[in-house]
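Only one structure is covered here, and it is reproduced in the block below.
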Amino acid sequence: DTEVTQTPKHLVMGMTNKKSLKCEQHMGHRAMYWYKQKAKKPPELMFVYSYEKLSINESVPSRFSPECPNSSLLNLHLHALQPEDSALYLCASSQEATGDQPQHFGDGTRLSIL
Amino acid sequence: AQSVAQPEDQVNVAEGNPLTVKCTYSVSGNPYLFWYVQYPNRGLQFLLKYITGDNLVKGSYGFEAEFNKSQTSFHLKKPSALVSDSALYFCAVRRGSTLGRLYFGRGTQLTVWP
């Protein structure tokens, strides 16, 4: 069982819809991450939160909007997505954003844009 | 600049035989090196890491990795492969002081034949 929980597991949405992805961890980690992964490819970093503040935005389009309401929760708000945004969205956490501790990944949300 | 190379897209090995999945890296300063495994429809699972110290690192599920500074390599090994080891393997590197960012290799699909 993963210690990072992502919901929903699957999401199908139209290009005009608004939806949110949710990620939760209870390991006391202070860094949380969003990644996008296409099939058989490595994850691509989207956002990094450190102590609930956005530290890295990898030039992600504004149709993706992250939010970190508290140290255990991370959301990704989606609006007006494009078909090329269909992918597996992975959340991860680590003790700190720097340091030698590994990132722990959830099982992802598989997103399909119609 | 930081980068990781996994020269083999696919590695095939018979059950019971030793396996090696190759990784070379390029990073300024001291590297933090990681191996992750991804099973179908799952997130990435942390296997092992090298930070400093012994060049042979032992990890989960009987895997180990050998760090070679002169060859800038961090190959993943297992003495006796299992069919259940079949999965996608990612090598990743980050510079110790770098905030959050992991650099992944392109991944190697390991298939273990019974």
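Each reported figure results from applying straightforward, stated rules to the coordinates on display, with no laboratory input. Quantities reported herein were computed from a predicted structural model and do not represent experimental measurements. Virtual Cβ from ideal backbone geometry, glycine too; neighbours counted across all protein chains shown.
Quick notes on this one:
- Test: residue in the stretch A:86-106 that is part of a strand (DSSP E or B), within 27 Å of B:GLN6 (Cβ to Cβ), among the charged types (D, E, K, R) and within 11 Å of another protein chain (Cβ to nearest Cβ): no
- Output for the stretch B:27-74, where each listed residue is of a type in the set (Lys, Arg) and under 30 Å from A:TYR89 (Cβ atoms): B:ARG42, B:LYS49
- Residues of the stretch B:5-31 satisfying the condition of being acidic (Asp, Glu) and in contact with a Pro (Cβ under 7 Å, 6 or more places away or on another chain): B:GLU15
- Verdict on B:GLU8 being in contact (Cβ under 8 Å) with a residue 40 or more places away in the chain and in contact with a helix residue (DSSP H, G or I) (Cβ under 9 Å, 6 or more places away or on another chain): no
- Residue within the stretch B:93-102 that is assigned to a strand (DSSP E or B), surrounded by 18 or more Cβ atoms within 10 Å (Cβ to Cβ), more than 11 Å from the chain's Cα centre (by Cα) and of a type in the set (A, V, I, L, M) present: no
- Here is the figure for the stretch B:13-40: residues that are outside any loop (DSSP other than H, G, I, E, B), farther than 16 Å from B:VAL57 by Cα and aromatic (Phe, Trp, Tyr) total 1.
- Boolean, B:GLY53 is part of a loop (DSSP other than H, G, I, E, B) and within 23 Å of A:THR98 (Cβ to Cβ): yes
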